[in-house]
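K.L.:
One structure follows; several queries about it will come next.
The values are calculated or read from the model by the stated rules, or taken from the named source; none is laboratory data. Worth saying up front: this structure is predicted, and the values here are computed from it rather than measured. Using ideal geometry, Cβ is built from the backbone for each residue, glycine included, and neighbour counts are taken over all protein chains shown. For accessibility, only protein heavy atoms count, side chains too; no ligands or nucleic acids. Shrake-Rupley method; radii C 1.70, N 1.55, O 1.52, S 1.80 Å.
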Amino acid sequence: MLNVKFRMSQKNYITYHSFIGLFVYLCIRHETQYFYITNFIFHTDMKKIIIAIMAVVMALPACAQYDMYREQGNGYQSFKERYNLYYGLRLGLAVSSVHSDDPTLDGGGNQAGLNLGGVIGVNLSPTTPISLETGLFYTEKGGKGVIDGVKFTFDLNYLEIPITAKYRYELNEDFSIQPFFGGYFAFGVGGKVKNYKERESCSSFSDDYFKRFDGGLRIGCGAEYSMIYAEAAYEFGLSNICHSDFDSSRNGCFYINCGINF
């Protein structure tokens, strides 16, 4: 099933016909809740972290094969230079919380989730190290807390569009540091509020809990080596995601993403 080939040269190329790692999470996300061995060993948040790490490790070697294709000059480089475009895939971990003036909505405890999506960027000019980047992500946010000894959690799952300006500082031909700043818009697509005392759950996006729309600021820094990319970022929610006219609730989320750029 896997064709693995090592070629020794100035760069060690790996032909590794498996990009399935990026889709591991989508395939087994809901099944893992019923996988008895991991349920016995790991907490749910730990399983998400392990799934993300496994997917990234399995997917990243595929970039070396694409790097070979790129250097062969099969139209890729000319297309990229002509339109000053790049695009990539991202997979990572989101650690989030919900801060609210309303104690029943204050999920200040951190909750881990998955962050999965793709980006596309445009360089402002071939001689300017500044680019504009956007994309589409599926992001699992939320929070958890305790009220009167009762544990509760919020799962807030969004489709998110970030828009950032990125500066590229090249340390050498292959390696660069890329700080960025911008904002994001998000729309809630699912999630549940869970009351562990009553063993009850209901939709997070309802009149009693949270609005679907969210938006805020995004700041972080990335690093790229050849085609391999990694970044850390934090999102400051500016939108009031609760329905009250007197209280406010806002998301906060820290990301660690890995991926590849084409």
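K.L.:
Name the residue that is surrounded by the most Cβ atoms within 10 Å (Cβ to Cβ), counting only residues in region 99-123 that are of a type in the set (S, T, N, Q) and out of contact with any Gly (no Cβ under 6 Å at 6 or more places or on another chain).
P.N.:
Result: SER100.
K.L.:
For region 101-145, what are the residues that are of a type in the set (A, V, I, L, M) and assigned to a strand (DSSP E or B)?
P.N.:
ALA112, LEU114, LEU116, VAL119, ILE120, VAL122, LEU124, ILE130, LEU132, LEU136
K.L.:
Right, next: Of the residues in region 204-220, how many are of a type outside the set (Gly, Ala, Ser), over 16 Å from LEU105 (Cα atoms) and open to solvent by less than 40 Å² (accessible area, probe 1.4 Å)?
P.N.:
The number of residues fulfilling the criteria is 1.
K.L.:
So which residues in region 191-203 are exposed (fewer than 14 other Cβ atoms within 10 Å of the Cβ) and either among the acidic types (Asp, Glu) or in contact (Cβ under 8 Å) with a residue 12 or more places away in the chain (or both), if there are any at all?
P.N.:
Once the filter is applied, which keeps residues that are exposed (fewer than 14 other Cβ atoms within 10 Å of the Cβ) and either among the acidic types (Asp, Glu) or in contact (Cβ under 8 Å) with a residue 12 or more places away in the chain (or both), region 191-203 yields TYR196, LYS197, GLU198, GLU200.
K.L.:
Next up: Going by what's in this entry, would ILE163 be described as touching a residue at least 24 places away in the same chain (Cβ under 8 Å), open to solvent by 40 Å² or more (accessible area, probe 1.4 Å) and either among the polar types (S, T, N, Q) or out of contact with any strand residue (DSSP E or B) (no Cβ under 8 Å at 6 or more places or on another chain) (or both)?
P.N.:
Here the answer is no, as ILE163 does not meet what is asked.
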